[in-house]
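Here the structure is laid out as C-alpha coordinates; the discussion comes afterwards.
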Amino acid sequence: MSNRESMEFDVVIIGGGPSGLSAAIRLKQRAHEEGRDISVCLIEKGAEIGAHILSGAVLEPRALNELLPDWAERNAPLDTPVTRDRFMYLSAKSAWRLPTPPQMHNHGNYIISLGNFCRWLGAEAEALGVDIFTGFAAAEILYDEAGHVRGVATGAMGLDRQGQPTEQFDAGYELLAKQTIFAEGCRGHLTKTLFARFNLRDGKDPQTYAIGIKELWDIDPSQAAPGTVWHSVGWPVKSDVYGGSFLYHLNGNQVAVGYVIGLDYKNPHLSPFEEFQRFKTHPKVREVFEGGRRVAYGARALNEGGFQSVPKLTFPGGCLVGCTAGFLNVPKIKGTHTAMKSGMLAADAIFENLEAQSEPTSYSAKIKDSWIWDELYRVRNIRPGFKRGLWLGMAYAGIDTYILRGRAPWTFQHHNDHDQLRPAAEMPKINYPKPDGIVSFDRNSSVYLSGTNHNENQPVHLQLKVESVAIDHNLALYDAPEQRYCPAGVYEIIHDQDGARLQINAQNCVHCKSCDIKDPSQNINWVTPEGGGGPNYPNM
(Lines give C-alpha, C1' and ligand atoms only; values in the text may rest on other atoms or scores of the structure.)
Protein backbone atom coordinates (compact mmCIF):
# COMPACT_ATOMS: atom_id res chain seq x y z
CA MET A 1 0.00 0.00 0.00
CA SER A 2 1.57 3.28 -1.13
CA ASN A 3 0.07 5.32 1.73
CA ARG A 4 1.86 3.35 4.46
CA GLU A 5 4.72 5.02 6.25
CA SER A 6 7.94 3.03 6.48
CA MET A 7 10.79 2.68 8.96
CA GLU A 8 14.12 0.97 8.34
CA PHE A 9 16.11 -1.14 10.78
CA ASP A 10 18.98 -3.56 10.56
CA VAL A 11 16.89 -6.36 12.09
CA VAL A 12 13.14 -6.68 12.66
CA ILE A 13 11.84 -9.39 15.03
CA ILE A 14 8.25 -10.60 14.90
CA GLY A 15 7.03 -11.69 18.33
CA GLY A 16 7.80 -10.83 21.95
CA GLY A 17 8.18 -14.33 23.36
CA PRO A 18 11.34 -15.93 24.80
CA SER A 19 12.98 -16.60 21.42
CA GLY A 20 12.37 -13.16 19.93
CA LEU A 21 13.45 -11.31 23.06
CA SER A 22 16.57 -13.48 23.43
CA ALA A 23 17.49 -12.76 19.81
CA ALA A 24 17.05 -9.03 20.40
CA ILE A 25 19.16 -9.06 23.56
CA ARG A 26 21.91 -11.13 21.95
CA LEU A 27 22.10 -8.85 18.92
CA LYS A 28 22.58 -5.80 21.11
CA GLN A 29 25.09 -7.62 23.32
CA ARG A 30 27.20 -8.48 20.28
CA ALA A 31 26.95 -4.93 18.97
CA HIS A 32 28.10 -3.47 22.31
CA GLU A 33 30.94 -5.98 22.58
CA GLU A 34 32.30 -5.01 19.16
CA GLY A 35 31.50 -1.31 19.26
CA ARG A 36 29.00 -1.43 16.43
CA ASP A 37 25.71 0.40 16.18
CA ILE A 38 22.87 -1.76 14.85
CA SER A 39 19.17 -1.00 15.03
CA VAL A 40 16.86 -3.74 16.28
CA CYS A 41 13.06 -3.49 16.28
CA LEU A 42 10.73 -6.03 17.92
CA ILE A 43 6.98 -5.93 17.39
CA GLU A 44 4.40 -7.75 19.50
CA LYS A 45 0.70 -8.08 18.65
CA GLY A 46 -0.33 -8.19 22.31
CA ALA A 47 -1.17 -5.00 24.16
CA GLU A 48 2.04 -5.45 26.16
CA ILE A 49 4.93 -7.89 26.32
CA GLY A 50 3.58 -11.02 28.01
CA ALA A 51 -0.09 -10.33 27.25
CA HIS A 52 -0.33 -13.33 24.89
CA ILE A 53 2.24 -15.56 26.63
CA LEU A 54 0.90 -18.76 28.15
CA SER A 55 2.82 -21.80 29.34
CA GLY A 56 2.99 -24.12 32.36
CA ALA A 57 5.77 -23.24 33.11
CA VAL A 58 8.89 -24.82 34.53
CA LEU A 59 12.05 -23.10 33.30
CA GLU A 60 15.33 -24.91 32.77
CA PRO A 61 17.77 -21.98 33.12
CA ARG A 62 20.47 -23.34 30.79
CA ALA A 63 19.97 -20.78 28.02
CA LEU A 64 19.30 -17.98 30.49
CA ASN A 65 22.64 -18.72 32.17
CA GLU A 66 24.31 -18.23 28.79
CA LEU A 67 22.38 -15.09 27.83
CA LEU A 68 22.35 -13.21 31.13
CA PRO A 69 24.59 -15.05 33.63
CA ASP A 70 23.87 -12.47 36.33
CA TRP A 71 20.10 -12.87 36.05
CA ALA A 72 19.68 -13.20 39.82
CA GLU A 73 21.33 -9.82 40.41
CA ARG A 74 19.07 -8.41 37.69
CA ASN A 75 16.01 -9.56 39.66
CA ALA A 76 14.75 -12.11 37.17
CA PRO A 77 11.35 -13.43 38.34
CA LEU A 78 12.62 -16.92 39.20
CA ASP A 79 11.59 -17.14 42.84
CA THR A 80 10.14 -20.68 43.11
CA PRO A 81 12.83 -23.36 42.72
CA VAL A 82 11.49 -26.86 42.17
CA THR A 83 11.76 -28.94 45.33
CA ARG A 84 9.65 -32.01 44.51
CA ASP A 85 8.57 -34.00 41.44
CA ARG A 86 5.50 -36.22 41.29
CA PHE A 87 4.37 -38.32 38.30
CA MET A 88 0.97 -39.97 38.74
CA TYR A 89 -1.37 -42.37 36.98
CA LEU A 90 -5.05 -41.59 37.57
CA SER A 91 -8.11 -43.79 37.41
CA ALA A 92 -11.54 -42.24 37.91
CA LYS A 93 -11.24 -42.34 41.70
CA SER A 94 -7.65 -43.24 42.60
CA ALA A 95 -4.08 -42.15 41.96
CA TRP A 96 -0.84 -44.15 41.86
CA ARG A 97 2.63 -42.68 41.89
CA LEU A 98 4.86 -43.77 39.00
CA PRO A 99 8.64 -43.49 38.67
CA THR A 100 9.48 -40.02 37.35
CA PRO A 101 11.11 -40.34 33.91
CA PRO A 102 14.60 -38.80 33.80
CA GLN A 103 13.49 -36.22 31.23
CA MET A 104 10.98 -34.90 33.77
CA HIS A 105 13.43 -34.49 36.66
CA ASN A 106 13.36 -30.82 37.62
CA HIS A 107 16.21 -30.40 40.08
CA GLY A 108 17.74 -27.00 39.40
CA ASN A 109 14.67 -25.70 37.53
CA TYR A 110 12.17 -22.99 38.47
CA ILE A 111 8.38 -22.71 38.43
CA ILE A 112 7.62 -19.39 36.77
CA SER A 113 5.04 -17.24 35.09
CA LEU A 114 6.38 -17.20 31.54
CA GLY A 115 4.46 -13.99 30.86
CA ASN A 116 6.21 -12.22 33.72
CA PHE A 117 9.54 -13.70 32.64
CA CYS A 118 9.01 -12.22 29.17
CA ARG A 119 8.09 -8.86 30.66
CA TRP A 120 11.43 -8.94 32.47
CA LEU A 121 13.29 -9.95 29.30
CA GLY A 122 11.53 -7.11 27.49
CA ALA A 123 12.82 -4.59 30.03
CA GLU A 124 16.34 -6.01 29.61
CA ALA A 125 16.06 -5.68 25.83
CA GLU A 126 14.85 -2.08 26.03
CA ALA A 127 17.70 -1.21 28.40
CA LEU A 128 20.10 -2.38 25.70
CA GLY A 129 18.46 -0.14 23.10
CA VAL A 130 15.98 -2.47 21.39
CA ASP A 131 12.93 -0.65 19.98
CA ILE A 132 9.86 -2.60 21.18
CA PHE A 133 6.46 -1.77 19.69
CA THR A 134 3.52 -3.49 21.38
CA GLY A 135 -0.02 -3.59 20.04
CA PHE A 136 1.29 -3.86 16.46
CA ALA A 137 0.43 -7.05 14.61
CA ALA A 138 2.57 -8.13 11.66
CA ALA A 139 -0.02 -8.81 8.97
CA GLU A 140 1.98 -9.05 5.74
CA ILE A 141 5.47 -10.09 4.67
CA LEU A 142 7.20 -7.67 2.34
CA TYR A 143 9.48 -8.89 -0.46
CA ASP A 144 11.99 -7.10 -2.67
CA GLU A 145 12.29 -7.42 -6.44
CA ALA A 146 14.42 -10.56 -6.10
CA GLY A 147 11.78 -12.24 -3.93
CA HIS A 148 13.78 -11.88 -0.72
CA VAL A 149 12.08 -11.01 2.56
CA ARG A 150 12.46 -7.27 3.10
CA GLY A 151 10.47 -6.87 6.31
CA VAL A 152 6.81 -6.82 7.32
CA ALA A 153 3.82 -4.52 7.32
CA THR A 154 1.65 -4.08 10.37
CA GLY A 155 -2.07 -4.53 10.00
CA ALA A 156 -4.38 -1.70 9.15
CA MET A 157 -6.43 -0.32 12.03
CA GLY A 158 -9.93 1.10 11.87
CA LEU A 159 -11.47 -1.17 9.24
CA ASP A 160 -15.12 -2.08 9.66
CA ARG A 161 -16.62 -5.57 9.52
CA GLN A 162 -16.67 -5.47 5.71
CA GLY A 163 -13.05 -4.32 5.51
CA GLN A 164 -13.89 -0.72 4.64
CA PRO A 165 -12.03 2.22 6.27
CA THR A 166 -13.74 4.08 9.11
CA GLU A 167 -12.90 7.48 10.59
CA GLN A 168 -10.27 5.76 12.76
CA PHE A 169 -8.49 4.18 9.78
CA ASP A 170 -4.72 3.82 9.90
CA ALA A 171 -3.01 2.02 7.02
CA GLY A 172 -0.27 0.53 9.19
CA TYR A 173 3.50 0.71 8.84
CA GLU A 174 6.15 -0.94 6.75
CA LEU A 175 9.07 -2.13 8.87
CA LEU A 176 11.99 -2.76 6.53
CA ALA A 177 15.09 -4.69 7.52
CA LYS A 178 18.24 -6.36 6.27
CA GLN A 179 17.13 -9.46 8.18
CA THR A 180 13.75 -10.43 9.63
CA ILE A 181 13.46 -12.95 12.46
CA PHE A 182 10.12 -14.73 12.75
CA ALA A 183 9.40 -15.58 16.39
CA GLU A 184 5.62 -15.86 16.11
CA GLY A 185 5.25 -18.90 18.35
CA CYS A 186 3.37 -22.07 17.53
CA ARG A 187 1.53 -22.08 14.15
CA GLY A 188 2.59 -18.59 13.15
CA HIS A 189 0.20 -17.17 10.57
CA LEU A 190 3.00 -15.50 8.57
CA THR A 191 5.32 -18.47 8.95
CA LYS A 192 2.73 -20.66 7.19
CA THR A 193 3.16 -18.55 4.08
CA LEU A 194 6.95 -18.80 4.31
CA PHE A 195 6.67 -22.60 4.40
CA ALA A 196 4.79 -22.49 1.11
CA ARG A 197 6.83 -19.81 -0.65
CA PHE A 198 10.27 -21.23 0.18
CA ASN A 199 9.37 -24.95 0.50
CA LEU A 200 10.71 -24.99 4.04
CA ARG A 201 8.90 -28.22 4.92
CA ASP A 202 10.18 -30.27 1.99
CA GLY A 203 11.60 -33.56 3.23
CA LYS A 204 10.35 -32.96 6.79
CA ASP A 205 7.63 -34.70 8.77
CA PRO A 206 4.38 -32.80 9.30
CA GLN A 207 4.32 -30.78 12.48
CA THR A 208 2.05 -32.35 15.09
CA TYR A 209 0.43 -30.33 17.85
CA ALA A 210 -1.37 -30.36 21.17
CA ILE A 211 -3.67 -27.90 22.87
CA GLY A 212 -2.78 -26.81 26.38
CA ILE A 213 -5.46 -25.26 28.59
CA LYS A 214 -4.41 -23.54 31.80
CA GLU A 215 -5.86 -21.87 34.86
CA LEU A 216 -4.23 -19.96 37.69
CA TRP A 217 -5.70 -20.39 41.17
CA ASP A 218 -5.34 -18.83 44.60
CA ILE A 219 -5.71 -21.82 46.91
CA ASP A 220 -6.23 -22.48 50.61
CA PRO A 221 -2.83 -22.08 52.33
CA SER A 222 -3.26 -25.54 53.85
CA GLN A 223 -3.03 -27.03 50.34
CA ALA A 224 -0.03 -24.98 49.21
CA ALA A 225 3.25 -26.78 48.52
CA PRO A 226 5.57 -24.24 46.84
CA GLY A 227 8.11 -25.87 44.57
CA THR A 228 6.03 -28.99 43.88
CA VAL A 229 5.74 -30.15 40.26
CA TRP A 230 2.91 -32.68 39.73
CA HIS A 231 2.10 -34.40 36.44
CA SER A 232 -0.43 -37.10 35.61
CA VAL A 233 -1.50 -39.41 32.81
CA GLY A 234 -4.58 -41.59 32.53
CA TRP A 235 -8.07 -40.45 33.48
CA PRO A 236 -10.09 -38.62 32.25
CA VAL A 237 -9.04 -39.35 28.64
CA LYS A 238 -9.07 -42.81 27.08
CA SER A 239 -5.77 -44.63 26.60
CA ASP A 240 -5.80 -43.92 22.85
CA VAL A 241 -5.64 -40.14 23.48
CA TYR A 242 -2.28 -38.52 24.16
CA GLY A 243 -2.87 -36.28 27.14
CA GLY A 244 -1.87 -35.37 30.66
CA SER A 245 -2.00 -32.75 33.37
CA PHE A 246 0.24 -30.46 35.34
CA LEU A 247 -0.04 -28.76 38.71
CA TYR A 248 2.77 -26.34 39.53
CA HIS A 249 2.79 -24.86 43.04
CA LEU A 250 4.11 -21.28 43.05
CA ASN A 251 4.87 -19.07 46.01
CA GLY A 252 2.03 -17.01 47.42
CA ASN A 253 -0.48 -19.88 47.69
CA GLN A 254 -0.92 -20.05 43.92
CA VAL A 255 -1.15 -23.10 41.65
CA ALA A 256 -0.93 -23.21 37.87
CA VAL A 257 -3.06 -26.13 36.66
CA GLY A 258 -3.46 -27.30 33.12
CA TYR A 259 -4.27 -30.11 30.76
CA VAL A 260 -2.60 -30.94 27.44
CA ILE A 261 -4.22 -33.08 24.73
CA GLY A 262 -2.57 -34.09 21.48
CA LEU A 263 -4.53 -32.75 18.53
CA ASP A 264 -4.21 -36.08 16.73
CA TYR A 265 -7.17 -37.50 18.69
CA LYS A 266 -9.71 -39.45 16.64
CA ASN A 267 -13.08 -38.96 18.30
CA PRO A 268 -14.78 -35.77 17.03
CA HIS A 269 -17.01 -35.76 20.13
CA LEU A 270 -14.00 -35.14 22.38
CA SER A 271 -13.73 -31.68 23.92
CA PRO A 272 -10.31 -30.72 25.36
CA PHE A 273 -11.95 -27.98 27.44
CA GLU A 274 -14.45 -30.39 28.98
CA GLU A 275 -11.74 -32.97 29.64
CA PHE A 276 -9.77 -30.35 31.56
CA GLN A 277 -12.78 -29.34 33.63
CA ARG A 278 -13.55 -33.00 34.34
CA PHE A 279 -9.92 -33.62 35.37
CA LYS A 280 -10.26 -31.10 38.20
CA THR A 281 -13.12 -33.12 39.72
CA HIS A 282 -10.78 -36.05 40.48
CA PRO A 283 -10.63 -36.51 44.29
CA LYS A 284 -6.86 -35.96 44.44
CA VAL A 285 -7.15 -32.79 42.37
CA ARG A 286 -10.39 -31.39 43.76
CA GLU A 287 -8.94 -31.29 47.27
CA VAL A 288 -6.27 -28.85 46.08
CA PHE A 289 -8.79 -26.36 44.69
CA GLU A 290 -11.85 -26.54 46.91
CA GLY A 291 -12.00 -23.38 48.95
CA GLY A 292 -9.79 -21.61 46.43
CA ARG A 293 -10.46 -19.03 43.73
CA ARG A 294 -9.79 -19.24 40.00
CA VAL A 295 -8.08 -16.02 38.86
CA ALA A 296 -7.01 -16.58 35.23
CA TYR A 297 -7.71 -18.82 32.24
CA GLY A 298 -6.16 -19.33 28.81
CA ALA A 299 -5.24 -21.78 26.09
CA ARG A 300 -2.52 -22.22 23.49
CA ALA A 301 -1.45 -24.78 20.92
CA LEU A 302 2.03 -26.25 21.24
CA ASN A 303 4.34 -28.09 18.86
CA GLU A 304 4.97 -31.77 19.49
CA GLY A 305 6.80 -32.85 16.34
CA GLY A 306 10.29 -32.27 17.66
CA PHE A 307 13.37 -33.36 15.71
CA GLN A 308 11.58 -34.88 12.70
CA SER A 309 9.42 -31.82 12.13
CA VAL A 310 11.95 -28.99 12.37
CA PRO A 311 11.73 -27.22 8.99
CA LYS A 312 14.46 -25.56 6.98
CA LEU A 313 15.23 -22.59 9.20
CA THR A 314 16.49 -19.95 6.79
CA PHE A 315 15.42 -18.23 3.59
CA PRO A 316 16.64 -15.11 1.75
CA GLY A 317 16.26 -12.27 4.19
CA GLY A 318 15.40 -14.08 7.39
CA CYS A 319 14.97 -17.11 9.63
CA LEU A 320 12.70 -18.93 12.06
CA VAL A 321 13.28 -19.26 15.80
CA GLY A 322 11.61 -20.76 18.86
CA CYS A 323 8.23 -22.45 18.65
CA THR A 324 7.74 -21.02 15.17
CA ALA A 325 10.34 -23.61 14.16
CA GLY A 326 9.17 -26.25 16.66
CA PHE A 327 11.97 -26.71 19.19
CA LEU A 328 9.79 -27.98 22.09
CA ASN A 329 11.18 -31.01 23.95
CA VAL A 330 7.95 -32.96 24.49
CA PRO A 331 9.10 -35.63 27.01
CA LYS A 332 10.79 -32.92 29.06
CA ILE A 333 7.63 -30.74 28.75
CA LYS A 334 9.84 -27.71 28.17
CA GLY A 335 10.60 -25.43 25.28
CA THR A 336 11.58 -22.07 26.74
CA HIS A 337 15.26 -22.97 27.08
CA THR A 338 15.47 -24.27 23.50
CA ALA A 339 13.50 -21.30 22.18
CA MET A 340 15.86 -18.86 23.89
CA LYS A 341 18.94 -20.68 22.63
CA SER A 342 17.63 -20.71 19.06
CA GLY A 343 17.08 -16.95 19.23
CA MET A 344 20.61 -16.45 20.49
CA LEU A 345 22.10 -18.59 17.71
CA ALA A 346 20.06 -16.78 15.08
CA ALA A 347 21.31 -13.47 16.44
CA ASP A 348 24.92 -14.67 16.23
CA ALA A 349 24.48 -15.86 12.64
CA ILE A 350 22.82 -12.62 11.55
CA PHE A 351 25.29 -10.36 13.36
CA GLU A 352 28.26 -12.09 11.77
CA ASN A 353 26.96 -11.50 8.24
CA LEU A 354 24.53 -8.61 8.57
CA GLU A 355 25.90 -6.45 5.80
CA ALA A 356 25.52 -9.21 3.21
CA GLN A 357 21.71 -9.11 3.56
CA SER A 358 21.61 -12.70 2.31
CA GLU A 359 20.23 -15.94 3.68
CA PRO A 360 21.68 -16.48 7.18
CA THR A 361 22.67 -20.08 6.39
CA SER A 362 25.16 -20.40 9.26
CA TYR A 363 22.22 -20.34 11.68
CA SER A 364 21.19 -23.87 10.69
CA ALA A 365 24.75 -25.10 11.20
CA LYS A 366 24.91 -23.43 14.60
CA ILE A 367 21.65 -25.16 15.62
CA LYS A 368 22.97 -28.57 14.56
CA ASP A 369 26.21 -27.99 16.47
CA SER A 370 24.38 -26.94 19.63
CA TRP A 371 22.90 -28.81 22.56
CA ILE A 372 19.42 -28.17 21.09
CA TRP A 373 19.98 -30.68 18.28
CA ASP A 374 21.36 -33.42 20.50
CA GLU A 375 18.57 -32.91 23.05
CA LEU A 376 15.81 -33.17 20.45
CA TYR A 377 17.47 -36.09 18.64
CA ARG A 378 17.64 -38.22 21.78
CA VAL A 379 13.90 -37.93 22.47
CA ARG A 380 12.69 -37.96 18.86
CA ASN A 381 10.90 -41.32 19.07
CA ILE A 382 9.06 -40.88 22.38
CA ARG A 383 6.06 -38.78 21.28
CA PRO A 384 5.35 -40.80 18.08
CA GLY A 385 5.82 -43.95 20.17
CA PHE A 386 2.42 -43.22 21.73
CA LYS A 387 0.66 -43.71 18.40
CA ARG A 388 -0.71 -47.06 19.61
CA GLY A 389 -1.86 -45.81 22.98
CA LEU A 390 -0.73 -44.97 26.49
CA TRP A 391 0.57 -48.33 27.66
CA LEU A 392 2.59 -49.27 24.58
CA GLY A 393 3.83 -45.69 24.43
CA MET A 394 5.05 -45.76 28.03
CA ALA A 395 6.66 -49.15 27.49
CA TYR A 396 8.53 -47.92 24.43
CA ALA A 397 9.53 -44.70 26.22
CA GLY A 398 11.12 -46.80 28.95
CA ILE A 399 13.06 -48.90 26.43
CA ASP A 400 14.14 -45.85 24.46
CA THR A 401 15.25 -43.98 27.58
CA TYR A 402 16.92 -46.65 29.69
CA ILE A 403 18.16 -49.19 27.11
CA LEU A 404 18.56 -47.43 23.76
CA ARG A 405 19.35 -44.07 25.42
CA GLY A 406 17.87 -42.18 22.49
CA ARG A 407 20.25 -43.76 19.97
CA ALA A 408 17.86 -46.18 18.23
CA PRO A 409 18.80 -46.87 14.59
CA TRP A 410 15.29 -45.86 13.52
CA THR A 411 13.18 -42.72 13.59
CA PHE A 412 9.41 -42.89 13.92
CA GLN A 413 7.32 -40.63 11.71
CA HIS A 414 4.56 -38.12 12.40
CA HIS A 415 1.19 -37.57 10.72
CA ASN A 416 -1.05 -34.57 10.10
CA ASP A 417 -3.40 -33.94 13.01
CA HIS A 418 -6.28 -32.75 10.86
CA ASP A 419 -6.71 -36.05 9.02
CA GLN A 420 -6.99 -38.21 12.14
CA LEU A 421 -10.66 -37.62 12.97
CA ARG A 422 -13.11 -40.45 12.33
CA PRO A 423 -16.73 -39.83 11.27
CA ALA A 424 -18.91 -38.92 14.22
CA ALA A 425 -21.29 -41.82 13.56
CA GLU A 426 -18.44 -44.29 14.04
CA MET A 427 -17.24 -42.94 17.39
CA PRO A 428 -18.84 -43.03 20.86
CA LYS A 429 -20.40 -39.87 22.19
CA ILE A 430 -18.95 -38.46 25.41
CA ASN A 431 -21.31 -37.26 28.13
CA TYR A 432 -19.53 -34.53 30.05
CA PRO A 433 -20.80 -33.51 33.50
CA LYS A 434 -22.21 -30.04 33.97
CA PRO A 435 -19.80 -27.61 35.65
CA ASP A 436 -20.25 -27.35 39.40
CA GLY A 437 -19.05 -23.76 39.71
CA ILE A 438 -16.61 -24.84 42.42
CA VAL A 439 -13.76 -26.52 40.58
CA SER A 440 -15.25 -26.86 37.07
CA PHE A 441 -16.68 -24.07 34.93
CA ASP A 442 -18.23 -23.20 31.57
CA ARG A 443 -16.53 -21.60 28.59
CA ASN A 444 -18.07 -18.15 28.92
CA SER A 445 -16.90 -17.57 32.49
CA SER A 446 -13.49 -18.95 31.51
CA VAL A 447 -13.07 -16.65 28.51
CA TYR A 448 -14.00 -13.72 30.76
CA LEU A 449 -10.99 -14.54 32.96
CA SER A 450 -8.67 -14.52 29.95
CA GLY A 451 -9.21 -10.79 29.50
CA THR A 452 -9.91 -11.40 25.81
CA ASN A 453 -11.14 -8.37 23.93
CA HIS A 454 -11.47 -7.55 20.24
CA ASN A 455 -13.06 -4.58 18.55
CA GLU A 456 -16.21 -6.20 17.18
CA ASN A 457 -16.39 -3.77 14.25
CA GLN A 458 -13.39 -5.21 12.41
CA PRO A 459 -13.00 -7.94 9.79
CA VAL A 460 -13.38 -11.45 11.24
CA HIS A 461 -9.88 -12.88 11.66
CA LEU A 462 -11.08 -16.50 11.47
CA GLN A 463 -11.61 -16.96 7.78
CA LEU A 464 -13.44 -19.77 6.01
CA LYS A 465 -11.94 -20.62 2.64
CA VAL A 466 -15.29 -22.05 1.48
CA GLU A 467 -18.27 -21.18 3.69
CA SER A 468 -20.42 -24.16 2.70
CA VAL A 469 -17.80 -26.65 3.93
CA ALA A 470 -18.64 -25.90 7.57
CA ILE A 471 -22.13 -27.36 7.17
CA ASP A 472 -21.91 -29.69 4.16
CA HIS A 473 -18.73 -31.43 5.35
CA ASN A 474 -17.80 -30.67 8.97
CA LEU A 475 -21.30 -30.80 10.42
CA ALA A 476 -22.54 -33.61 8.18
CA LEU A 477 -19.56 -35.91 8.72
CA TYR A 478 -17.97 -34.88 12.04
CA ASP A 479 -20.83 -33.16 13.92
CA ALA A 480 -19.02 -29.81 13.67
CA PRO A 481 -15.99 -30.61 15.84
CA GLU A 482 -14.93 -26.94 15.87
CA GLN A 483 -17.63 -26.45 18.52
CA ARG A 484 -15.58 -28.69 20.81
CA TYR A 485 -11.90 -28.31 19.97
CA CYS A 486 -12.12 -24.54 20.38
CA PRO A 487 -11.61 -23.76 24.11
CA ALA A 488 -13.28 -20.35 23.85
CA GLY A 489 -16.70 -20.94 22.30
CA VAL A 490 -15.80 -19.19 19.06
CA TYR A 491 -17.64 -21.64 16.79
CA GLU A 492 -21.35 -22.22 17.21
CA ILE A 493 -23.86 -24.08 15.05
CA ILE A 494 -27.13 -22.16 14.86
CA HIS A 495 -30.32 -23.91 13.73
CA ASP A 496 -33.14 -21.68 12.49
CA GLN A 497 -35.92 -21.73 9.91
CA ASP A 498 -33.35 -21.63 7.11
CA GLY A 499 -31.45 -24.66 8.40
CA ALA A 500 -28.05 -24.86 10.06
CA ARG A 501 -25.31 -22.24 9.86
CA LEU A 502 -21.95 -21.68 11.51
CA GLN A 503 -21.67 -18.57 13.68
CA ILE A 504 -18.14 -17.35 14.40
CA ASN A 505 -17.87 -15.43 17.68
CA ALA A 506 -14.45 -14.01 16.83
CA GLN A 507 -14.44 -11.65 19.78
CA ASN A 508 -14.02 -14.70 22.08
CA CYS A 509 -10.81 -15.92 20.40
CA VAL A 510 -7.85 -16.47 22.74
CA HIS A 511 -5.45 -16.95 19.79
CA CYS A 512 -4.73 -20.61 20.57
CA LYS A 513 -4.68 -21.54 16.83
CA SER A 514 -6.30 -24.96 17.43
CA CYS A 515 -8.96 -24.33 14.76
CA ASP A 516 -6.31 -23.59 12.14
CA ILE A 517 -4.62 -26.89 13.05
CA LYS A 518 -7.44 -29.38 13.72
CA ASP A 519 -10.11 -28.42 11.18
CA PRO A 520 -10.53 -31.69 9.24
CA SER A 521 -10.95 -29.96 5.88
CA GLN A 522 -8.31 -27.28 6.60
CA ASN A 523 -10.98 -24.74 5.77
CA ILE A 524 -10.24 -22.34 8.66
CA ASN A 525 -7.45 -19.82 8.20
CA TRP A 526 -6.38 -17.86 11.30
CA VAL A 527 -5.07 -14.41 10.42
CA THR A 528 -4.14 -11.66 12.81
CA PRO A 529 -6.82 -9.30 14.10
CA GLU A 530 -6.08 -5.67 14.94
CA GLY A 531 -3.02 -5.23 17.10
CA GLY A 532 -3.67 -5.17 20.82
CA GLY A 533 -6.67 -7.51 20.55
CA GLY A 534 -6.94 -10.96 22.04
CA PRO A 535 -6.20 -12.17 25.56
CA ASN A 536 -4.52 -10.12 28.25
CA TYR A 537 -2.94 -12.72 30.48
CA PRO A 538 -1.85 -11.66 33.97
CA ASN A 539 0.88 -13.86 35.52
CA MET A 540 0.36 -16.71 33.04
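Taken across the stretch 179-192, residues that are outside any strand (DSSP E or B), open to solvent by 60 Å² or more (accessible area, probe 1.4 Å) and modelled with pLDDT of 95 or more do not occur at all. Against the condition of a type outside the set (Phe, Trp, Tyr), in contact with a Ser or Thr (Cβ under 6 Å, 6 or more places away or on another chain) and at negative phi, how does Met7 come out, does it pass? No, not satisfied.
Of all residues in the stretch 369-387, those satisfying the criterion of being among the basic types (Lys, Arg) and either more than 25 Å from the chain's Cα centre (by Cα) or assigned to a loop (DSSP other than H, G, I, E, B) (or both) are Arg380, Arg383.
Checked against (1) basic (Lys, Arg); (2) in contact (Cβ under 8 Å) with a residue 60 or more places away in the chain; (3) in contact with a helix residue (DSSP H, G or I) (Cβ under 9 Å, 6 or more places away or on another chain); (4) surrounded by fewer than 24 Cβ atoms within 10 Å (Cβ to Cβ), Arg4 meets all criteria but (3). When the residues of the stretch 324-344 are filtered to those that are in a helix (DSSP H, G or I), farther than 14 Å from Ile13 by Cβ and not polar (S, T, N, Q), the one that is nearest to the chain's Cα centre (by Cα) is His337. Restricting the search to the stretch 109-129, which residues are over 24 Å from the mean Cα position of the chain (by Cα) and either under 26 Å from Leu328 (Cα atoms) or in a loop (DSSP other than H, G, I, E, B) (or both)? Residues satisfying the conditions are Leu128, Gly129. Taken across the stretch 91-98, residues that are hydroxyl-bearing (Ser, Thr, Tyr), open to solvent by 40 Å² or more (accessible area, probe 1.4 Å) and part of a strand (DSSP E or B) do not occur at all. Summed over the stretch 345-368, residues that are outside any helix (DSSP H, G or I) and open to solvent by 30 Å² or more (accessible area, probe 1.4 Å) total 5. In the condition set (1) part of a loop (DSSP other than H, G, I, E, B); (2) under 27 Å from Val379 (Cα atoms), Leu21 is compliant with all but (1). The C-beta contact set for the stretch 205-233 (first residue within 24 Å of Phe441 (Cα to Cα) and without any contact (Cβ under 8 Å) to a residue 60 or more places away in the chain, second residue open to solvent by 10 Å² or more (accessible area, probe 1.4 Å) and assigned to a loop (DSSP other than H, G, I, E, B), distance under 7 angstrom, 6+ apart or interchain) comprises Pro221/Asn253; Ala224/Asn253. Here Ser271 fulfils each of the conditions (1) of a type in the set (S, T, N, Q); (2) open to solvent by 10 Å² or more (accessible area, probe 1.4 Å); (3) touching a residue at least 24 places away in the same chain (Cβ under 8 Å) apart from (2). For the residues Ile382, Ile438, Ile471, Ile430, the requirement of being open to solvent by less than 80 Å² (accessible area, probe 1.4 Å), farther than 23 Å from Leu502 by Cα, of a type in the set (Val, Ile, Thr) and modelled with pLDDT of 95 or more singles out Ile382. Taking the stretch 487-521 on its own, how many of its residues are in a loop (DSSP other than H, G, I, E, B), touching a residue at least 60 places away in the same chain (Cβ under 8 Å) and of a type in the set (A, V, I, L, M, F, W, C)? Adding up the residues that qualify gives 3.
The values are calculated or read from the model by the stated rules, or taken from the named source; none is laboratory data. This is a predicted model, so every value here is computed, not measured. For neighbour counting, all protein chains shown are included, and Cβ atoms are generated from backbone atoms with ideal geometry for every residue, glycine included. To get the accessible areas, we keep the full protein, side chains included, count just its heavy atoms, and leave off ligands, DNA and RNA. Shrake-Rupley method; radii C 1.70, N 1.55, O 1.52, S 1.80 Å.
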